[in-house]
1. For HIS74, HIS66, HIS257, give the ranking by accessible area with the largest first, probe 1.4 Å.
2. Equivalent-ellipsoid semi-axes (√(5λ), Cα gyration tensor) for the range 149-295, whole Å, largest first?
3. Would you mind calculating the relative contact order of the range 209-302 from Cα pairs under 8 angstrom and at least 6 residues apart, reporting the percent as a whole number?
4. Tell me the Kirkwood hydrodynamic radius of the chain in angstroms, computed as one over the mean inverse distance between distinct C-alpha pairs.
5. What order do MET398, MET133 take when sorted by accessible area (1.4 Å probe), most exposed first?
6. Which of SER289, SER405, SER371 moves the most in a Gaussian network model of the chain with Cα springs under 10 Å?
7. How much of the accessible area of the range 18-169, probe 1.4 Å, is carbon plus sulfur, in whole percent?
8. For the chain, what are the DSSP H helices with axial Cα length of 30 Å or more and mean Kyte-Doolittle hydropathy of at least -1.0?
Amino acid sequence: MFAVGVTGAARYIAGAVEARGRLLVGTLVGVVLLAGIPYSFYLGDHLPYIDERDYYAIAKNVAHKHVYSADGEHPNASRAPAYPLVLSLLVFLGAGVPALRVLNFVALALSIYLLYAMVRSLVSDFAGVVAAMLVVCYPVLFYAAGTLFPQTLGALLFVLVLFLLSRAVRTRSLVPVGLVFGCLLLTIPLFVFFLAVVVGWLLITRRERRIRSAVAVVVPAFLVAGLWTLRNYLVFGSFVLFTTGSGAALLWGNSEHATIGGADVDFLIRQYAAAAAMNEVERSAYFTSEAVKAMLANRTGTIGFYFLKVLNHFSFYNQHYAAAEASWAKTVVMGLTYVPLLLLFIVRVARRKRYPLSAFEVLLAWLYVSSAFIYAIFHTRIRYRLPVDYALIALVAMFIGSWVSATLTRGDLGGGADRDVRSA
């Protein structure tokens, strides 16, 4: 009797969520914006991280001096261009730092709605609402939106790529995927490795149209990214695909001073001082060479350290190089909100033989797992992982939505887990 009552209540709640899905998600989006806007102005002009100050400096120089430069005099390519160029549009209109933060919260709100729309079309309205709720209940995304880091914009572009992929039936419908991916590459260059994952997935799943499908994504992506490469060649006289910052990132994560999830910025500052006489391209090549030397000098240690970085990718704690931003409360909240998502992801993947993953779920799993091995080439930190966490959230939401649907169909909350989980 009690089980019947619980099942009835659960069915009523699920039905209510299904019927009011758009309203609920609209409310969640509104809450994010209503909280994010005053929070942006509460934070004011304070930029505690070096990266933030760099992006803001470039945005101001683009807006006022019409040069992509951190110091206003020397053109550079140390930062990927998409995020500071977007910021420069607002700066040109007179926006200050708080307004730039608001832009991030708008991007976060759009990411929530796109994720909802995608999961809704793949599974159910209930699953879509769950996806939106999981984003809102993952406060590190809200915190990141309050910083001038490109991860929030990158996350929006990544979710848009997934959204378009989930609806791409014809080969020509993959062209917009490639165009958005090109913008993503110019926001977070390391996503070039994720482009390879997507192409691999297309080659396996598209079968008869595999080559055309891959070309439809890769060509537009590199056409967009190629515009920046051309600019770099004209400025530096050298081939720089995305950024000259890759050498520093490789050295930071692979030198003898590198730590697991650490933040030895002082070491990197000393390296920049030692290479002050070099131009950007020479400096990046020098840093890359130093990193390779360090790795080859201790090959066994490098391999072990690499796999430790892979594990650290799934951590809920990283050392902050802006000490004032660290607190035990943030670490606890991060652990309480991330670990359950990770456990549910593991459960879903572990049960793939009994309950086969759909093709799109396979892509989400590939993207999330491969992200650890990709970022570990350089350095693993929570911030870098955040855009790909949307793949984790999407897969978990699809799992929960399918499980609830199967359970309520059976009418037994205790035995629903034994029923096949609906594939998207």
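1. Numbers: HIS74 110, HIS66 145, HIS257 75 Å².
So the residues, ranked largest to smallest area, are HIS66, HIS74, HIS257.
2. 34, 17, 13
3. In percent, rounded to a whole number, it is 29.
4. 22.9 Å
5. Putting MET398, MET133 in descending order of accessible area: MET133, MET398.
6. For the chain, modelled as a Gaussian network with Cα springs under 10 Å, the answer is SER289.
7. That share works out to 69 percent.
8. Long hydrophobic helices here: 21-43, 97-122, 210-236, 328-350, 382-410.
The values are calculated or read from the model by the stated rules, or taken from the named source; none is laboratory data. As the structure is a prediction and not an experimental result, all values here were calculated from the model. A quick note on method: Cβ atoms are made from the backbone with ideal geometry, for glycine too, and the neighbour counts reach across all protein chains shown. What goes into the accessible areas is simple: the full protein's heavy atoms, side chains included, and nothing from ligands, DNA or RNA. Shrake-Rupley method; radii C 1.70, N 1.55, O 1.52, S 1.80 Å.
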